[in-house]
1. Answer yes if at least one residue in the range 35-54 is among the aromatic types (F, W, Y), in contact (Cβ under 8 Å) with a residue 12 or more places away in the chain and farther than 17 Å from D70 by Cβ, and no otherwise.
2. Which one of these does S43 not meet: (1) hydroxyl-bearing (S, T, Y); (2) surrounded by 15 or more Cβ atoms within 10 Å (Cβ to Cβ); (3) not in a helix (DSSP H, G or I)?
3. Restricting the search to the range 77-100, which residues are surrounded by 16 or more Cβ atoms within 10 Å (Cβ to Cβ) and either assigned to a helix (DSSP H, G or I) or at pLDDT 75 or above (or both)?
4. Name the pairs: first residue in the range 2-28 and without any contact (Cβ under 8 Å) to a residue 12 or more places away in the chain, second residue of a type in the set (K, R) and in a loop (DSSP other than H, G, I, E, B), Cβ to Cβ under 6 Å, at least 6 apart or on different chains?
5. Working only within the range 1-15, note down all residues that are surrounded by 12 or more Cβ atoms within 10 Å (Cβ to Cβ) and not in a strand (DSSP E or B).
Amino acid sequence: MNIFLCIDGEKKGECSITGQFDTGETCAVTISIDEAHQGLGYSRLLWAEMVKQIEATYPAIRPDQMFFIDADASAGYWDHIGFKPNRYGYDYRGNRKNLEGRGYEKVITFKEIKQGNKTRK
């Protein structure tokens, strides 16, 4: 699923999710906004549109559906959104190999995305 930010007919940003909901498959999130358009609140608009599209396409999505990011090189953006360290992240040394999100750095639930988007400014 991809949501694009277009300004004056040109793509300036994107929010995307890979993976399948309710399957145990890791749903990975990426977001990017052209540098000249960062800090203007566009990511919040992308998240709001992503939530709307998910609810329209998958109305039975569970509130605890998890979304992951692979690596955080954002200087705090993902923390601001509400992502938390994944307990099965890079350092996980357990025996369970098929864990959803295993090896990904941070995680958030669909419920947390919705709640955070309502309160973030």
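1. yes
2. (3)
3. Of everything in the range 77-100, those that are surrounded by 16 or more Cβ atoms within 10 Å (Cβ to Cβ) and either assigned to a helix (DSSP H, G or I) or at pLDDT 75 or above (or both) turn out to be W78, I81, G82, F83, N86.
4. Taking only residues 6 or more apart or on different chains, not a single pair turns up.
5. M1
The values are calculated or read from the model by the stated rules, or taken from the named source; none is laboratory data. Everything numeric here is computed off the predicted structure, so don't read it as measured data. Neighbour counts are summed over all protein chains in view; Cβ atoms, including those assigned to glycine, are modelled from backbone coordinates with ideal geometry.
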